[in-house]
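Have a look at the structure below, then the notes.
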Amino acid sequence: MSGQAVSHDVVVMGDFDAPLLSVWETIALRSAMPTVFSTRPWLRAWWATYGRGDLLLAAHVEGGRTLAVAPLFADEDGWVYFVGSGGSDYLDFVGCLDSPNALAAMLAAVRERVPHFQGFRFYHVPGRSPTGALLRHAAGLLSLDWEQEGAMAAPEMSMAAIDDAIAKKSLRRHCSYFEREGGYVAKHHAHGAEIGPLLDGFFEQHVQRWSGTAHPSLFNNPTHRAFYRRLAAESDASRWLRFTAIEWQGRIVAYHFGFSFAGRFTWYKPTFDIALARRSPGEVLLRELLVRARTEDAGVFDFGIGDEPFKQRFATTVPVVNTFALVPAQKAGR
């Protein structure tokens, strides 16, 4: 669909560069839980790589000012999702959204644009966000049923605990081996021009790391490689990308593709040289990222979704992300 539709104080657009969205970076920091996954570079890169159906960016506007954005899309089957649904640890509405009436107006404007509307499904909404409660109220205003379809753990560590974590004997022991055997260097990059040439090595190491396991690397798929390349280019001006390489004896023994945004240092996609598995270069990588987060005065070290045992060793809190659905009454209880 093309053009735009206006409903009350809501404008629905199909272009990330529309004038009303020029304040995206500013209002993103006013979100209940600002994360890199709701930034325009992340969502634009995601849509360019994985997008399908119709892009429906609904802006809540008052007095000509955009206060909030619902970054949504509708697939061919009539379901509406957040842009970024797939690969994004956290998804939410962007900006200051504290009224179920405003949210209902945004969702109603989007629903009007979707032939054969089936429902809304919102993945990975942070449990600490008011969005779950707002969606429940908005559902009543829209004559839709509200459902909570699932929850996942998203462990994190407060920076108050970081010094103890860095000093853990398990991490220091693994670092000591690489220090004794010639020393290692942790190089951190935030510029796309520096990161781009390193990505092929990162992809190949990740493929080898997961080869022969029950969970083969996502980078066997060239589309996923394309997304990471595009993201490195899109995020260059924002400088929230953190790409780390651990160099030892003339080779890179571990990589990490992660983020630092709004005081949150995010563990996202790590890998290490599987030939050195018994020396645990992944633990060396983790320690260096903790040191980096402290250097940047991050408030939280975010381990992202998933409750793997190593995260439990370090997490000080375990928030959750929720999946919500808003559906016509006859579809409830699917």
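The values are calculated or read from the model by the stated rules, or taken from the named source; none is laboratory data. These numbers were taken from a predicted model, which means no experiment stands behind them. For neighbour counting, all protein chains shown are included, and Cβ atoms are generated from backbone atoms with ideal geometry for every residue, glycine included.
Does the stretch 150-158 include one or more residues that are outside any strand (DSSP E or B), in contact (Cβ under 8 Å) with a residue 24 or more places away in the chain and surrounded by 13 or more Cβ atoms within 10 Å (Cβ to Cβ)? Give the steps one after another, and end with the answer.
Filtering the stretch 150-158 down to residues outside any strand (DSSP E or B) leaves 154-155.
Going one step further and asking which of them are in contact (Cβ under 8 Å) with a residue 24 or more places away in the chain, we end up with 154-155.
Right, trim to surrounded by 13 or more Cβ atoms within 10 Å (Cβ to Cβ) and you get 154-155.
Yes, some residue in the stretch 150-158 is outside any strand (DSSP E or B), in contact (Cβ under 8 Å) with a residue 24 or more places away in the chain and surrounded by 13 or more Cβ atoms within 10 Å (Cβ to Cβ).
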Item to check | Residue selected from the stretch 160-175 under the condition within 27 Å of the chain's Cα centre (by Cα) and aliphatic (A, V, I, L, M), by the criterion nearest to PHE272 (Cα to Cα) | outcome: LEU171
Checklist entry - When you go through LEU276, LEU285, LEU290 one by one, which is the residue that is over 16 Å from ILE162 (Cβ atoms), hydrophobic (A, V, I, L, M, F, W, C), crowded, with 17+ Cβ neighbours inside 10 Å and not assigned by TED's automatic domain parsing to the domain that holds THR35? => result LEU276
Item to check | Enumeration of residues in the stretch 176-202 that are over 29 Å from the mean Cα position of the chain (by Cα), crowded, with 17+ Cβ neighbours inside 10 Å and part of a helix (DSSP H, G or I) | outcome: PHE178
Next on the checklist: Taking the condition of being in contact with a Pro (Cβ under 6 Å, 6 or more places away or on another chain) and farther than 21 Å from GLY299 by Cβ, how many residues in the stretch 247-272 meet it?
Outcome noted: 3
Item to check | Answer from PHE93, PHE120, PHE202 - the residue that is under 28 Å from TYR228 (Cβ atoms), outside the structural domain of ALA226 (by TED's automatic domain parsing) and not aliphatic (A, V, I, L, M) | outcome: PHE93
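Table: residues versus (1) modelled with pLDDT of 95 or more; (2) of a type in the set (Asp, Glu); (3) crowded, with 19+ Cβ neighbours inside 10 Å; (4) assigned to a helix (DSSP H, G or I).
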| residue | (1), (2), (3), (4) |
| --- | --- |
| SER2 | no, no, no, no |
| ARG30 | no, no, no, no |
| PHE37 | yes, no, yes, yes |
| LEU56 | yes, no, yes, no |
Next on the checklist: Give me the residue from the stretch 316-334 that is hydrophobic (A, V, I, L, M, F, W, C) and modelled with pLDDT of 95 or more and, out of that set, surrounded by the fewest Cβ atoms within 10 Å (Cβ to Cβ).
Outcome noted: VAL318
Checklist entry - Considering GLY201, GLY258, GLY212, which residue is among the small types (Gly, Ala, Ser), in contact with a helix residue (DSSP H, G or I) (Cβ under 9 Å, 6 or more places away or on another chain) and free of Cβ contacts under 8 Å to residues at least 60 places away in the same chain? => result GLY258
Checklist entry - Out of the stretch 81-126, which residues are touching a Ser or Thr at 6+ places or on another chain (Cβ under 8 Å), surrounded by fewer than 19 Cβ atoms within 10 Å (Cβ to Cβ) and not in a loop (DSSP other than H, G, I, E, B)? => result ALA108, ARG121
